Each structure stands twice: as C-alpha cells, then as structure tokens.
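In what follows, a structure is listed as structure tokens, so that the remarks can point back to it.
The values are calculated or read from the model by the stated rules, or taken from the named source; none is laboratory data. Predicted model, so just to flag it, every value in this text is computed and none were measured. Here the Cβ positions follow ideal geometry from the backbone for every residue, glycine too, while neighbour counts run over all protein chains shown.
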Amino acid sequence: MLAVAARRLGSAVPVLLIVSLITFAMMHMIPGDPSTVIGGLSATPAQLAQIRADLGLDEPVLVQLFKWYGGLLHGDLGRSLLMGRDVVAVTLERLPVTVALSLYALVLTLVLGLVFGIVAALRQNSWIDQAAMMLAMLGISLPNFFLGLLGILIFAVHLGWLPTGGYIAFTDDPVGWLRTSTMPAVSLALLQVGLLARITRSTMLEVLRQDYIRTARAKGLPWRLVVIKHALTNALIPITTVVGIIVSLLVSGSVVTETLFSLPGMGQLLTQAVLNRDYPMVQGGLLLTTALLVLINIGVDMCYAVLDPRVRYER
Amino acid sequence: MSLRIPLLAGTAFALAALSGAQAAPFKCPKVGGDFVFGQEANVNSLDQMASNTISTRNIAMNLFEALMTRDENNNPITDLAESYTESPDHLTYTFKLRTGVKFHNGKTMTSADVKASWDRYAKVGLERGMFANVAKWETPDPDTFVVTMKRPQPTFIELISSFSVPIVIVPAEEAEAPAMQLKPVGTGPWQLVEFTPGSQVKLKRFEGYVPNAKYEARTGFGGYKQACFDTVTFRIVTEPGARVAGLKTGELQGVEDLPTKSLDDLKKDKNVTIAPLANWWIQVATPNTSVTPTDNLAFRRAVQAALDMDEIMDAATDGNYRLNVGFQYPNQPSYTDAGKATYNIKDPALAKKLLAESGYKGEPVVLLTNKDYSSMYNAALVMAEQLKAVGIKAELKVVDWPTSVNMQLKPDTGWNFFFTGYGTQPALGALATMQFFMPPNANYKPKGDVSDPELQADWTAMNEKPDAKDRQAAFADMQRAILEKVYALPFGSLTKVQGVRANVQGYTPFRIPRMSNVWFAN
C-alpha cells in the first residue's frame, strides 16, 4: 500500500504544476494589481506607477512567470507583496487555524451527521426521521454566513456565552480556543451535517434491506450489534467518499466563516490576497492548499482498503 | 457691585488664562487596562513609509513619530524636532532634535537615525517625490539635521509634516529593510507586542517614552502624549454587524465605521458613546476628457446641471453627509467656496438646454464604479438615474476597486466617469488634494496627459508663491477652474462614525484613532 501511496504522490506533481499555472494565469488576467491596495484610496496616479515599478509589476508577464517558476524550482514560493513576508512562513502560520477549525467542524459533522442519519434510517417515516431530516434540510439551506450572524446575535449579544469574534490558539489556551472556535465551527459544520445525515440515512436504508442483515437478525444477533457491526460497517464506504468531499468543503467553506468571525486562517488569508491581488501569496498559498487537499484525497483512498477488504490496490 | 463682578470675572479669566499657559502637562487620570479597538480593514504591514493604507496608519501612527507632524487643526508642528529654522535664502532647513528620545529598543535617537530614516524613505517611501527639490541632508552633530534645497520651496515644511505617508524615524540599524519589511521599532508612546495579520495587533505602553515637553496636551498626531492603558489591542473585525455586536457587549471598547443603520439602536445604549467624524472624505466623480462625449465641455456642464447632490449623497451615505463645495472642508483655513455657482444646480431644464448645445448624439456614457465601497456604487446608481432623466444614455460599469483604479489610469478602457473618494488628501490641505489634477495621469484624463494651462499655472503658483495668501488665492483659482470646466464632480462630504464604550474617556475622533491620552474611567 505504501508503494501505491508513493505512486499517487508522484502523480500529484503534474496536478500541482497545472494548478500553479492556472492560478498564475488567472491572477494576471484579472485587471487591477496590488499598487491600488498599497497606495490606498488616496494614492495619486503617479504614486501608483511608482509602486508598480518598485514591485516589478511593470515587467512583462512572461518574465514574471519565469521568475515564479525559477523560485519554485528552488523551493522558494516568493514573498507576499503586501506583508513583505515569506509565503511559506505566512501559510504555515495560518494553516493551523484553518486545520483546527476544520477538524472541530469535522468532528461535529461526523457525530451529528452520523447520529441523525442512523437514527432517521432506523426510525424511517417516524416523527424522529422527519425531525432529523428537517434539521438536515435547514442546515443545507441556511447560508453559513447567516447562521454565523444569528449565532453572534443569540450567543454573544443576548446570552453573552461566547465572544463575538477573535481567535485564541489551542496551544495558548484550550478553553479560550473552544470559546472562540465553537460558533465558527458550528456554523461551518451545519451545512455538512445536513449533507452527511441525508447520505447516511439513504445508505443505511439501502444496507438494512440487504439479505445479510436479514440473515444476521434471523441468527438472533442483538439489533444493536447488527446495526453497528453489519449495517454501519458496510455503509461506511460511500460515507467515507462523502467525508472526503466534506473535508474539502470545510476547508473552502472556511473563507466566509473566518472572515465573519475574524479568524486568522487560510480562508481569510487567501480571500484577502485575491482581493488585494497579492500574486505570490495567492499562487503560493493555493499551491500549498492544493497539496494539502491532494494529500487528504490520497488518505481517503487509502481508507477504502482499510474499511473494505475487497479493495486491494497492489494487484 | 455691578462693576465689581465683571472686574472679578475678568481677573479670574486672566488668572485662568495665565495658569492655562503654565498648566501642568497632561497626566493620565487613571492608568491600566486593555483597550480593544475593532478595526474594519485588515492590516498587512506596519511599514509606515511604504504603505498608504488607513489600516496601517491606524496602528503605525501610535508606534512611530516623525520630525514634524500636524496639530489638531492640521497646522505643521514639530514632533521629534525640538525646533527648526529656515535660512534667509530659503535653501536650508536646520532641525534641532529633541534630546533623550528613546527608541523601543532602548537606543537613544540621534541625527544618524534621522539621516538613515530619510535615506530609506528616499528609496522606498511612497511620497518620496517630495524630495525632488532636495539637494542633500547632513548631520553636523548628533542633535542637528540639515536639509539643503536645490531651489526655494515654500511648501516643503507642509510636505514633510504630512501624515499621509510620513517620514517616520526608525533606528539606523533597521533602516536598511526593504519595503514592507521594516521592523516596527519607533519612538512613539506605544510599542509592538504582537502582530498577527488578519487577526489582531497588540501594543503595550512604552515605559521609556519621552513626551514632547514643548506641549501640555495631545494635539493632532503630536503634542504631549501619554499612554494610559497598559495595552491596546487592534482587532480586525471586517464584518460591520460583528463590530456593532462587539461594542454592545463590551468585548470591543472602541470601533470604527459603525453602519448608519445601527446608530439609532446604539444611541439608546447608555454604555455606548457615538463619536461621529465629520468630513471623512469627499465623494467625487471625475470625467474622462479624452473620450466622447465627456471631452465636450458643454456636455460636462449639462451633466453638472442635472445633478441633485442631496439625492446622491443621501443614497451614498444612508443620510450621513454634508453638502460641501469643492475640495476642502469649511473648518479648514484653506477652505474656499470658489466655483460655488457650479455646485448642486439640479436644473433639468438647463441640463437639457446645455445637452442640445453640446450636440450630444445619444452615445452611451459609462459610469465606472465598484461595490467594494458602497458609497461609490450608490452615488453612481443615483447619478445614472439623474442623467437618464435629462436624456443621457448613462450606463453603470461595476467592477471591483482595484480593477476600477487600474481602468481609470488609462483613458481608452471604456469609461466616462470614475467614482472615487478623496479621503486623506483633503484633510492634509489644498496642495495634497490638487495634485490629483496634475500629470502624470491627471484624474480628468486630459488628452495626451497634457495639463490644462490654466490649472498648470495655478499649480505652479500654489507651490512657488512665497506668500501663503498668494498660494491660497492660487488654490481658489484652481478650484474654480476645475469646477467650471467640470474636471471633477465633488458631491459632498461623508461622515464616518466611530464609537466607544461610555467608560472610555479622552477619546476624540480623528482621522486615525489616537490611543494616547485616553483612559478608562472605571
């Protein structure tokens, strides 16, 4: 399996190269450049021209492209034009915030999504099923931006239980991290909870109708054991696929949540970088994020083999 | 008896005035606490020499100081300079530095640091064009800094005291840093503790701060400054609703840019003090005079005659505005209403008459705007409707802010009016604002980027007339010419609303939130 993982990693290299090329092309195709941000609202045209020259933005695009790839070959992703800092260092600073938030949201998604889905499947067409699916639909339908604002209004302004925003790192203060991350994680997770609950319900319903489940029950196995050992285990393959997608959605969904709650993560960093036309930051940051998502996908693929003995990659 | 009372009152007034003149410098009534300020925009860098953004200035102006700055009324004052003299031939400025001033790294400031800072500014400073007429600067001794000009420039002190992109003084050993990579070590009353881009910037009181004893209180960005809080935290809160929520809960003790819609609710909250900052910026649209039909003066006058500034500003600001003629504010000494007759005409009949005279053939008129700044978008929206009402085929082109700025740099990118706001420059004075209308790339896009001779003559006079009154007269002429030739349509001035918790004392709204001489009452 390790050889397979290595092969998959190797095949990721062209993907990353294509992503970097597309990112570079798109960033340079959209009008506007960082001079307008550095210069501020009051910059005169002469100042803007001066900033562009200082940053080397008046050089031909091809020259800038070669410089970017030249740096990449040396492992240098460049320096943020606006922050004046190394792209890798900034990314490594911000990534833990997004990873921690995504993991927290993922845990919430898995717990709530699986429980809602399983309970709804086991009590199909009952009021519990209806209630669980209604909640799932609500989660899918409400934008996380709206959910976040609603959360701020209820839990911060009216109840005063949680802060309105800001971020405390887990390593600095775990309780503080929990307080600052709970509302963002919940608003981020609710959409995915709905998605996972619906997939889990339909997959479980399908599995529960299989002959081997009937056989297991006929053998007199306790219902709980049948559900957990036979039904859920078999339902996990499609659920794992969805979880892989959910992880990607959580990372990309963090853009809005991090902005709303003022969390210094990758989502906020890349959004700002795109809006500010910070070319090296967007190019380097997206490359690293893509690498992370590729790794997650490879990890999910590897999970199939663990979950289903019929899946063998080494043939 | 009736004579004694005024006499006593007069004596008391005289004594009070005398004691005022010799009053003790400001002392913090209460020291301590962490003041958390909700800032609307992210800050990318604290390199005050290389960034012109308000978000950088908000923080950096509390860390750094310069030789000269501006007082509460925008007059140039000394800050790190004790005094300065101008030679009779107006070619040499000699700055005596304040002695014993410490940097945040503990080092004492000398003229070598000033020289290194000016050297760096000449390389990376965004407004280094102000040095075009400077021949050299020297340091004859550790407390003296001498600037020699190539030819007299009466506006030099005005330029170097600008807080737009000030020439902040940093330790010589830090001055080699490339643009955007400056270590934030200054001489200000606050020093950096933590900078997490995208999240927060934390400052603490600089215990080694040496206040400017020439003054007794804070004035503008200078004066006698004292850090009363233990720490100040600038938290980046880009979502307006979250800023309002933070102020209401007390999680934030101060915020900038409160949305107008939330003001009624906040005014009822006894724990919150609203601090409106009038004259935040001038909402403006500039024509592209290189393309039809905006190259036609009669057409531009028709546009000018059609506009109802109240309607435009009301929509642009949700009602938080003041009508304002020209490019300065009435509270500034440089204010003039020259060209007043061209403002807020709102006469559709006249507009139609001028339109007929212009020979307008129904060509599309593109209003280039953006949604990043809602005031610009809303102003464009209303102006388009007013133009349509007089028979002009107005169309909106909505892009994001960086795109619109880049498009307006070139006259051939398909636009007729560009929507923007003049913020810091009007606050700095007439000279700073009028440079928008001068090449290269003058805002009204004259053909071939060749300046209108009348504007060029006024600009030269504004810069070179030795007498301040003559320079002011030249500004008035320039403003009148710009308005009469419709090289800009200034709609009015916009008010920005800041807010603090009621227990915050000494906070006076200013272009940049000043954290010195502000304290918690309890």
Of all residues making up the range B:110-152, the number that are of a type in the set (Asp, Glu) and either touching a Leu at 6+ places or on another chain (Cβ under 9 Å) or crowded, with 20+ Cβ neighbours inside 10 Å (or both): 3
Residue tally, condition at pLDDT 95 or above and either polar (S, T, N, Q) or out of contact with any Phe, Trp or Tyr (no Cβ under 6 Å at 6 or more places or on another chain) (or both), over the range B:228-243: 3
Among (1) under 23 Å from B:Ser374 (Cα atoms); (2) modelled with pLDDT of 95 or more, the one test that B:Ala302 misses: (1)
Subset of the range B:388-416 that is of a type in the set (A, V, I, L, M, F, W, C) and farther than 27 Å from B:Thr260 by Cα - its residue that is surrounded by the fewest Cβ atoms within 10 Å (Cβ to Cβ): B:Ala389
Scan of the range A:149-178 for residues that are at the interface with another protein chain (Cβ under 10 Å from one of its Cβ atoms) and either of a type in the set (Ser, Thr, Tyr) or not in a loop (DSSP other than H, G, I, E, B) (or both), ordered by number: A:Leu149, A:Ile152, A:Leu153, A:Ala156, A:Val157, A:His158, A:Thr164, A:Tyr167
Residue in the range B:300-316 that is β-branched (Val, Ile, Thr) and either surrounded by fewer than 23 Cβ atoms within 10 Å (Cβ to Cβ) or touching a Phe, Trp or Tyr at 6+ places or on another chain (Cβ under 6 Å) (or both) present: yes
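So, in the range B:45-84, exactly how many residues are within 11 Å of chain A (Cβ to nearest Cβ) and assigned to a strand (DSSP E or B)?
0
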Verdict on A:Val226 being within 12 Å of chain B (Cβ to nearest Cβ) and under 26 Å from A:Val111 (Cβ atoms): no
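Does A:Glu93 count as more than 10 Å from chain B (Cβ to nearest Cβ) and charged (D, E, K, R)?
No.
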Cβ pairs under 6 Å, 6+ apart, first in the range A:45-60 and under 14 Å from A:Leu81 (Cα atoms) and more than 7 Å from chain B (Cβ to nearest Cβ), second surrounded by fewer than 19 Cβ atoms within 10 Å (Cβ to Cβ) and of a type outside the set (A, V, I, L, M): A:Arg52/A:Asp58
Qualifying residue in the range B:93-100 (condition: under 26 Å from B:Ser51 (Cα atoms) and of a type in the set (Lys, Arg)): no
The range B:368-378: number of residues that are at the interface with chain A (Cβ under 10 Å from one of its Cβ atoms) and among the charged types (D, E, K, R): 1
Residue satisfying all of: in the range A:275-290; assigned to a helix (DSSP H, G or I) and facing chain B (nearest Cβ under 10 Å); farthest from B:Asn406 (Cα to Cα) among these: A:Met281
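Residue-by-condition table, conditions (1) farther than 27 Å from B:Val165 by Cα; (2) modelled with pLDDT of 95 or more:
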| residue | (1), (2) |
| --- | --- |
| B:Pro466 | no, no |
| B:Phe475 | no, yes |
| B:Arg480 | yes, yes |
| B:Lys485 | yes, yes |
| B:Gln505 | yes, yes |
Residue list for the range A:139-170, restricted to those being surrounded by fewer than 14 Cβ atoms within 10 Å (Cβ to Cβ) and under 23 Å from B:Ala245 (Cβ atoms): A:Pro143, A:Phe146, A:Leu150, A:Ile154, A:His158, A:Leu159, A:Gly160, A:Trp161
Flag if B:Asn324 is of a type outside the set (A, V, I, L, M), under 17 Å from B:Met376 (Cβ atoms) and crowded, with 16+ Cβ neighbours inside 10 Å: yes
Restricting the range B:492-522 to residues that are part of a strand (DSSP E or B), over 18 Å from the mean Cα position of the chain (by Cα) and not charged (D, E, K, R), the residue that is farthest from B:Arg235 (Cα to Cα): B:Gln505
Qualifying residue in the range A:153-162 (condition: within 30 Å of A:Leu232 (Cβ to Cβ) and in contact (Cβ under 8 Å) with a residue 24 or more places away in the chain): no
The range A:35-44 - residue that is under 13 Å from B:Ser51 (Cβ atoms) and polar (S, T, N, Q) and, of those, farthest from the other protein chains (Cβ to nearest Cβ): A:Ser35
Close pairs from the range B:341-368: first outside any loop (DSSP other than H, G, I, E, B), partner among the hydroxyl-bearing types (Ser, Thr, Tyr) and modelled with pLDDT under 95, Cβ under 6 Å, at least 6 apart: B:Leu368/B:Ser404
Number of positions in the range B:192-207 that are under 17 Å from B:Val31 (Cβ atoms) and in contact with a Pro (Cβ under 8 Å, 6 or more places away or on another chain): 2
Some residue of the range A:15-34 being under 23 Å from A:Leu77 (Cα atoms), at the interface with chain B (Cβ under 7 Å from one of its Cβ atoms), of a type in the set (D, E, K, R) and not in a helix (DSSP H, G or I): yes
Filtered residue count, the range B:225-256, keeping only those that are surrounded by fewer than 19 Cβ atoms within 10 Å (Cβ to Cβ), more than 13 Å from every other protein chain (Cβ to nearest Cβ) and part of a loop (DSSP other than H, G, I, E, B): 1
Unique match (being assigned to a helix (DSSP H, G or I) and either within 14 Å of another protein chain (Cβ to nearest Cβ) or within 28 Å of A:Phe155 (Cβ to Cβ) (or both)) among A:Thr200, A:Thr233, A:Thr241: A:Thr200
Residue match in the range B:113-136 (condition: in contact with a helix residue (DSSP H, G or I) (Cβ under 6 Å, 6 or more places away or on another chain), more than 14 Å from chain A (Cβ to nearest Cβ) and farther than 30 Å from B:Ala275 by Cβ): yes
Subset of the range A:91-118 that is closer than 28 Å to A:Asp278 by Cα and either surrounded by 23 or more Cβ atoms within 10 Å (Cβ to Cβ) or polar (S, T, N, Q) (or both) - its residue that is nearest to the chain's Cα centre (by Cα): A:Ser102
Members of the range B:164-185 found to be buried (at least 19 other Cβ atoms within 10 Å of the Cβ) and modelled with pLDDT under 90, listed by number: B:Ser164, B:Ala179, B:Met180
